[in-house]
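Any read-out appearing in this document is the output of simple, stated calculations on the displayed coordinates, not a laboratory observation. A quick note: this is a predicted structure, and the numbers were derived from the prediction, not measured. FYI the Cβ positions are ideal-geometry reconstructions off the backbone, even for glycines, and counts take in every protein chain you see.
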Protein chains: 2
Amino acid sequence: MRPYEKDPAAIYAQSFATVRAEARLDRFDPAMQVVAVRLIHACGMVEIADRLAWSQDAAARGRAALAGGAPVLCDCEMVASGIIRRSLPAGNPVVCTLNDAAVPDRASALGTTRSAAAVDLWHDRLDGAVVAIGNAPTALFHLLERLDSGWPAPAVILGFPVGFVGAAESKAELVHEPRGAGFIALRGRRGGSAMAAAAVNALAAPLPGEGDD
Amino acid sequence: MRPYEKDPAAIYAQSFATVRAEARLDRFDPAMQVVAVRLIHACGMVEIADRLAWSQDAAARGRAALAGGAPVLCDCEMVASGIIRRSLPAGNPVVCTLNDAAVPDRASALGTTRSAAAVDLWHDRLDGAVVAIGNAPTALFHLLERLDSGWPAPAVILGFPVGFVGAAESKAELVHEPRGAGFIALRGRRGGSAMAAAAVNALAAPLPGEGDD
């Protein structure tokens with residue numbers, strides 16, 4: 001077998017160098033560049049840089065929210081698992097309500113998915129929170145509906161639901177009308193838990209080996 | 001806001017119908033079709049069907065291993081989080097050793113990553129196991145080196161490390177010389193925890209709503 005790179009610092013450095021060499025990053029400000037680089041690093045696709053949408057203040061709002069101790073509300077356990085806890089600046093709680101015992105009955109009552117019903121359990125923590133959606137379009141749609149009905153807005157919505165039914169549409173709705181929240185989202189069908197977690201990690205800390213940006 | 005699909009069964013059905021309509025699935029036998037459909041569903045990209053590589057017996061070996069109670073060995077917690085436990089046919093243990101207390105020292109001693117060092121803790125469970133790698137190329141490289149040195153072969157290696165340094169190379173090495181294991185892998189830089197978990201879920205159970213295939 002041929003030799004391969006084993007040094008974690010060298011792997012990070014070479015990865016980020018490749019991303020910076022291949023991806024079109026010039027339209028991002030420094031804070032959003034960190035997010036874009038981390039997202040690309042998480043999925044191995046430099047071309048997603050061209051499909052990112054964000055509100056101008058999203059990265060700053062997300063960083064300030066985390067620094068202030070805001071909770072991170074996740075739509076599934078995979079997103080929660082991908083968040084690097086030691087990087088969170090204020091021991092921020094990472095919350096996933098999908099497996100809460102109240103969710104199945106609420107989903108039945110509402111005639112929707114468990115992922116959407118789980119969003120209702122975020123109510124008391126939603127004001128100024130960081131929301132990370134990496135799986136379910138229905139969770140993002142449902143959150144937007146709740147914001148329409150007057151629920152408090154999160155600081156930022158990291159919109160990365162994935163798939164063939166509702167993913168592109170829910171993110172388009174978020175980008176079209178963010179309802180008072182900042183947002184970072186990947187347009188189209190692509191997305192996923194690794195990207196949603198990477199977005200949180202990018203807001204929480206600079207890139208490994210790159211120091212403060 | 002426009003109406004959107006909220007019924008979980010309808011979402012699954014519409015998703016899988018879209019995948020079957022758009023992806024080139026004719027080169028897969030029925031068992032591998034289930035794997036391919038689940039992988040595509042997990043990432044939102046029908047074109048990955050064209051980059052999958054697998055050994056002829058991989059799906060059968062993986063299914064038999066799970067039915068026989070084999071453990072699922074994961075390179076990171078995100079993969080473990082994505083495995084649908086209730087679908088596993090024999091209450092199979094899902095094992096991730098990355099955060100074992102022995103791992104940092106072992107990584108330093110070996111001069112490699114924690115992900116690679118964590119593979120060494122699989123030794124006693126490796127024979128006939130289902131291995132799911134969704135993050136670290138070094139974990140896959142290291143496993144292949146251990147197999148070269150005579151460690152027992154897993155039933156199947158689900159090879160989905162992602163990224164810019166070693167991901168494509170480690171999967172190429174697996175496909176070139178699987179060292180007695182069955183394999184399913186996505187060539188190139190793409191991959192990730194969601195795909196690795198989806199591959200396990202596909203071996204564990206038929207597609208939701210599609211019954212036994």
> Can you list, shortest first and in nm, the gaps between the label point of A:A102 and those of its counterparts in the other copies, using a point 7 Å from Cα in the C-beta direction?
Replying inline: 4.4
> Considering only the other residues whose Cβ falls under 10 Å of the Cβ of A:A167, what net charge follows from Lys and Arg at +1 and Asp and Glu at -1?
Replying inline: +3
>> In whole Å, what are the extents of the protein assembly as shown along the principal axes defined by its C-alpha atoms, from largest to smallest?
In response: 62, 50, 36
> Is it possible to state the helix-based mean residue ellipticity at 222 nm for chain B, with each DSSP H run of 4+ residues giving -39500 (n - 2.57), the sum divided by total residues, to the nearest 500 deg cm²/dmol? What is it?
Replying inline: -13000 deg cm²/dmol
>> Taking a point 7 Å out from Cα toward Cβ as the label site, list the nm distances between A:A90 and the same residue in every other copy, smallest first.
In response: 4.9
> Under a point-charge model restricted to the Cβ atoms of Lys and Arg (+1) and Asp and Glu (-1), what is the dipole moment magnitude of chain B relative to its Cα centre, in debye to the nearest 20?
Replying inline: 360
> Using alpha-carbon positions, what is the distance between the centroids of region B:1-74 and region A:143-213, in Å?
Replying inline: 26
> Averaged across the residues of B:133-145, what count of C-beta atoms belonging to other chains lies within 10 Å of each residue's C-beta?
Replying inline: 2
> Under a straight-distance cross-link criterion of Cα-Cα below 21 Å, which lysines are reachable from B:K171, leaving out those fewer than 8 residues away in the same chain?
Replying inline: A:K6
> Once Lys and Arg get +1 and Asp and Glu get -1 on their Cβ, which of B:V175, B:A199, B:L110 lies farthest toward the positive end of the dipole of region B:110-200?
Replying inline: B:A199
>> Please find, among residues of chain A, the one with the beta carbon closest to the rotation axis relating it to chain B, distance in whole Å.
In response: A:S81, 2
> Can you give me the relative contact order of chain B as a percent, contacts being Cα pairs under 8 Å and 6 or more apart?
Replying inline: 25
> In angstroms, what radius of gyration and Dmax does region B:103-165 have, counting Cα atoms only?
Replying inline: 11.2, 31
>> I want the local charge near B:N92. Using Cβ-Cβ distances under 14 Å, sum +1 for each Lys or Arg and -1 for each Asp or Glu among the other residues.
In response: +4
>> Ordered shortest first, which distances in nm separate the 7 Å Cα→C-beta label point of B:S149 from those of the other copies?
In response: 5.9
